[in-house]
Amino acid sequence: MRTFLLALAGILGLATEALAAHPSELCRRAALGAASAHGIPPAVMLAITDVETGTTRAGARGPWPWTLNVAGRGAWFDSRREALTAAEQALAGGERSFDVGCFQVNFHWHGHHFDSIAAMLDPEIGADYAARFLKDLEAEAGDWLVAAGWYHSRTPVHSNRYRALVARAMERIGPVEPGTRYATAPEAPESPVRRVARNTPAIPLPVTSGGVRLSLFRRTTGALLTRGAP
């Protein structure tokens, strides 16, 4: 009986801690977990979630897990339920290009990798996908900051601006793993080959989520998909 009560007290203690934690910690913990799992400098992941969803709510500044950006309009919700309801309403209303969760993963480009909108909104699932996507970009770019810029967009003007935001966020976060290389020069203009690949016609990919049949799109080239402006 005593063992049972101690175990119950431990569970209740963890639950109380989770409830008391600022929601920003959900994004931060997910970012650190995904960074560790996929060999990404933690400051890069922390900076991206902060740039994507950073706000001042509940008395503190930090990334916010219940964030959506629909048709270019950002919204920070008080709860997961509210954010999920808004995302489902956006789908029902015909919206397809919107960003979800701690890492603002874009539904149009990446939704087919998830079981549902609810999964996209989950901090750990979203962070894990963002980390895998970012690692693929770094393997191509050979540089974490260039990869961070591409995480947002392949268009130089947009990726350079985003990369500068990530670099500033990293400065606020502090030291990162030794030996990590970060670019300082602006990215070169987009090559004609990349431009052609980026403008390759898309084909529909049917997906069912939450009872709504969706029409997603995937590049026929098989090239890496980007989540920002074309």
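The values are calculated or read from the model by the stated rules, or taken from the named source; none is laboratory data. Just so we're clear, the structure is a prediction, and the values are computed from it rather than from any experiment. Quick reminder, even Gly has a Cβ in these numbers, built from the backbone with ideal geometry, and neighbours come from all protein chains shown. What goes into the accessible areas is simple: the full protein's heavy atoms, side chains included, and nothing from ligands, DNA or RNA. Shrake-Rupley method; radii C 1.70, N 1.55, O 1.52, S 1.80 Å.
Overview of results
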quantity: Looking only at region 97-145, and only at residues there that are in contact with a Ser or Thr (Cβ under 9 Å, 6 or more places away or on another chain) and assigned to a loop (DSSP other than H, G, I, E, B), the one that is most open to solvent (accessible area, probe 1.4 Å); calculated: Asp115
quantity: Looking only at region 86-96, and only at residues there that are part of a helix (DSSP H, G or I) and in contact (Cβ under 8 Å) with a residue 60 or more places away in the chain, the one that is least open to solvent (accessible area, probe 1.4 Å); calculated: Leu91
quantity: Residue in region 21-32 that is farther than 16 Å from Gly62 by Cα, of a type outside the set (Lys, Arg) and at pLDDT below 95 present; calculated: no
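Residues are listed down the side, and each one gets a yes or a no for (1) modelled with pLDDT under 95; (2) hydroxyl-bearing (Ser, Thr, Tyr):
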site: Val51; (1), (2): no, no
site: Thr56; (1), (2): yes, yes
site: Gly62; (1), (2): yes, no
site: Pro123; (1), (2): no, no
site: Asp136; (1), (2): no, no
site: Ala148; (1), (2): no, no
